[in-house]
Amino acid sequence: PAMAQPKLSLPLESALKRVTKKPFGLYVTPKNSPVSPEKFTGYHTGVDFEIMPGEENKDVAVSAVCAGKLLLKKSATGYGGVAVESCKLDNQDVTIIYGHLKLVSIGLKIGATVARGEKIGILGKGYSAETSGERKHLHLGIHKGTAINLLGYVQDKKLLSGWLNALDYLK
């Protein structure tokens, strides 16, 4: 039988090869984190997609993983530029958080319809205001329901139940 199509499309080219540092649900502290320096402590609510060698100074396009509406684009502490899209996954409402984008590269207007695979923007420059001082990477979070929740980490493992692991839907 044909392989079932992934429920979400890939946010970056070769996305699955890029998840090398912070998968969903990883508990990080400044002492044990796979990235350095680390500012956060808690359970990671998203999946981090790293850049490939040679992409440090290249525009890396980020595409919408599903069809929906753009709910938010702004600069937020911990992310730099962030875009939030509403969509449906397994017939439930979710919001998709794309963190560490170059804010001015997000051309869509708030309320605009976003097609699956459409370019949302490009990754922000590493260690700059565009990424809130973080390395250049995409933080992809999927929060259940329609409320926008930008938390990149939660302090209690039980709270992870409000989030979905993007990798479960990308494979």
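The values are calculated or read from the model by the stated rules, or taken from the named source; none is laboratory data. Predicted, not measured: the structure shown is a model, and the values here were computed from it. So basically every Cβ, Gly included, is an ideal-geometry build from the backbone, and we count neighbours across all protein chains shown. What goes into the accessible areas is simple: the full protein's heavy atoms, side chains included, and nothing from ligands, DNA or RNA. Shrake-Rupley method; radii C 1.70, N 1.55, O 1.52, S 1.80 Å.
Brief remarks follow.
- Of the residues making up region 42-56, just one is open to solvent by 20 Å² or more (accessible area, probe 1.4 Å) and among the small types (Gly, Ala, Ser), namely Gly54.
- If you go through region 21-41 and keep only what is part of a strand (DSSP E or B), open to solvent by less than 50 Å² (accessible area, probe 1.4 Å) and touching a helix residue (DSSP H, G or I) at 6+ places or on another chain (Cβ under 9 Å), you end up with nothing.
- Verdict on Ala64 being more than 13 Å from the chain's Cα centre (by Cα) and either touching a residue at least 40 places away in the same chain (Cβ under 8 Å) or on the phi < 0 side of the Ramachandran plot (or both): no
- Selection count, region 86-113, where residues are open to solvent by less than 10 Å² (accessible area, probe 1.4 Å) and under 13 Å from Val62 (Cα atoms): 7
- Checklist (1) in contact (Cβ under 8 Å) with a residue 60 or more places away in the chain; (2) not in a strand (DSSP E or B) applied to Val82, failing item: (2)
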